[in-house]
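The values are calculated or read from the model by the stated rules, or taken from the named source; none is laboratory data. Note that the structure is predicted; figures quoted are calculated from it, not measured. Neighbour counts run over all protein chains shown; Cβ positions are idealised from the backbone, glycine included. Just so you know, the surface numbers come from the protein's heavy atoms only, side chains and all, with ligands and any DNA or RNA stripped out. Shrake-Rupley method; radii C 1.70, N 1.55, O 1.52, S 1.80 Å.
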Amino acid sequence: MAFDMGSHTHGVLKMGFWKILFIGFLLVSSVLGGDQVGKRKESKPCSFTAIYNFGDSASDTGATTATFGPFPPPYGETFFHKPAGRASDGRLVIDFIAELLGLPYLDAYLNSLATNYRHGANFAVGGATIRRQNSSIVSRFGISPFSLDIEITQFDNFKSRTYDLYKQANTLERRGLPVPNQFSEALYRIDIGNNDLYVGSQTLSLQQLREELPDMVNQLASAVEHLYQQGGRAFWIQSAGPLGCSPVNQILNPNIPPGFLDKNGCVKGINDVVTEYNRQLKDRLIKLRAELLEAAITYVDLYSPVYTLVTNAKNEGFPNASIICCGYFENNARVPCGAKAIINGSEVYGASCANPSLHLSWDGVHSTEAANKWVANHVLNGSASDPPIPITQACHRYN
Ligand SMILES: *[C@@H]1O[C@H](CO)[C@@H](O)[C@H](O)[C@H]1NC(C)=O
Ligand SMILES: *[C@@H]1O[C@H](CO)[C@@H](O)[C@H](O)[C@H]1NC(C)=O
Ligand SMILES: *[C@@H]1O[C@H](CO)[C@@H](O)[C@H](O)[C@H]1NC(C)=O
Ligand SMILES: *[C@@H]1O[C@H](CO)[C@@H](O)[C@H](O)[C@H]1NC(C)=O
């Protein structure tokens, strides 16, 4: 996200460093069972030929880097062994999805070099929101001007250009392009909304934020409808995460009143709003299934699994959920991951921890590969979805 990039280029953490904390990590979920809308009709794996992904930094595989320049080392150190356009030490959930579906990692649509879109494209951009934000919000919170509607416009452009180019291209050139008639055989994934909720929680009262939820849900639903009209059929749509569990909340509210935090140290008021957003999103998606007769729409609840992860981290293999792996955060000084700053006359480097796989937070804003892998393992098998089907079967319609 733009904000983030500014932080590490300047070397010292700005006030807003924490602002986008949740993006990588605060995804959400509902509990399996009970209210699933339909019965399983088929169980054979889908043959997805491509993935089209929309979202924020949790699934940005290169857009921020293509726009603002690379993340510094040690970003990417765990898996790619160099900065790889991802705000993490390694793979994101979208990368684990690509692996599971047997497809290559997605190139960002905004990346102009050495890209291959044969098996899809990634429109996610760090700092993106569902709804367009005004300019003061954009600059204060480092929000991307590429909101979901613009990501969708970019997809439209991508698709129509594909049709044109494919006709003219020779065999070799075609290898880098999607096959035009395969847009309906792709998986369409949307993972966005955490930034809207975060910004709202910082600029509105919780009641005002609640009043904004229907519009957020409507705009997300419009994106799904639009992609359907463009030929999309299989949708994997992630909910928002437990934003109230982000350490940023405690930092911003040092004088915590009684009842403000739940027994797990999460801000209850914020999590209640997120839960309400997810409920409305899920309801809307269930209604959409009745409107879009050929669509297979899966609602993926990240709230429950991520809440479990952050509140039960120790038992899940992460000894201390509060530790930020990369960056220098001592004595009230904050040097972002990979940055350098002069503190008390000596140079301090925002280095990474010895073993990132033991930590949830990579840079205080985004999660480690280990946390992403945990989330992928707990959601891609369908245990947090409605209907409860694994992503490999997300092309099958249930009703
Ligand atoms: C931008 O939106 C915020 C939150 O809704 C509001 O408080 C602020 O007044 C708006 N600023 C402008 C310039 O419209
Ligand atoms: C976890 O890490 C935080 C931040 O470094 C520290 O303040 C806290 O004491 C640690 N908790 C435990 C149980 O080690
Ligand atoms: C800088 O020096 C002051 C005074 O000795 C000390 O209180 C503070 O903790 C130091 N800051 C850092 C980041 O080491
Ligand atoms: C999905 O995987 C998680 C983690 O391994 C496991 O706890 C859960 O039971 C699995 N659910 C299903 C439906 O396979």
Condition check for LEU293: modelled with pLDDT of 95 or more, over 23 Å from the mean Cα position of the chain (by Cα) and away from ligand 3 (no atom under 16 Å from the Cβ): yes
Selection from segment 303-326 of residues that are among the small types (Gly, Ala, Ser), away from ligand 2 (no atom under 11 Å from the Cβ) and over 19 Å from the mean Cα position of the chain (by Cα): GLY317
So ARG397, is it in a loop (DSSP other than H, G, I, E, B) and away from ligand 2 (no atom under 16 Å from the Cβ): yes
Among residues of segment 202-215, those that are closer than 22 Å to SER246 by Cα and open to solvent by 20 Å² or more (accessible area, probe 1.4 Å), counted: 9
Qualifying residue in segment 116-133 (condition: open to solvent by 30 Å² or more (accessible area, probe 1.4 Å), within 16 Å of ligand 1 (Cβ to nearest atom) and polar (S, T, N, Q)): yes
Some residue of segment 332-350 being in contact with a Phe, Trp or Tyr (Cβ under 9 Å, 6 or more places away or on another chain), without any contact (Cβ under 8 Å) to a residue 40 or more places away in the chain and not aliphatic (A, V, I, L, M): yes
Some residue of segment 190-210 being more than 19 Å from ALA58 (Cα to Cα), assigned to a loop (DSSP other than H, G, I, E, B) and aliphatic (A, V, I, L, M): yes
Cβ-Cβ under 6 Å pairs, at least 6 apart or on other chains, segment 279-307 side in contact (Cβ under 8 Å) with a residue 60 or more places away in the chain, far side among the charged types (D, E, K, R): GLU294/ARG233; ALA295/ARG233; ALA296/ARG397; ILE297/ARG289; TYR299/LYS282; TYR299/ASP386
Residue selected from segment 351-369 under the condition closer than 21 Å to LEU309 by Cβ and free of Cβ contacts under 8 Å to residues at least 60 places away in the same chain, by the criterion farthest from ligand 2 (Cβ to nearest atom): ASN355
Any hit, segment 319-331, residues being out of contact with any helix residue (DSSP H, G or I) (no Cβ under 7 Å at 6 or more places or on another chain), more than 27 Å from THR64 (Cα to Cα) and within 16 Å of ligand 3 (Cβ to nearest atom): yes
Number of the exception - TRP374 against (1) at pLDDT 95 or above; (2) of a type in the set (Phe, Trp, Tyr); (3) open to solvent by 30 Å² or more (accessible area, probe 1.4 Å): (3)
Where VAL138 falls short, out of the listed (1) touching a Pro at 6+ places or on another chain (Cβ under 7 Å); (2) more than 16 Å from ligand 1 (Cβ to nearest atom); (3) hydrophobic (A, V, I, L, M, F, W, C): (2)
Search result, residues across segment 216-243 that are open to solvent by less than 60 Å² (accessible area, probe 1.4 Å), closer than 25 Å to ARG140 by Cα and in a helix (DSSP H, G or I): MET216, VAL217, LEU220, LEU243
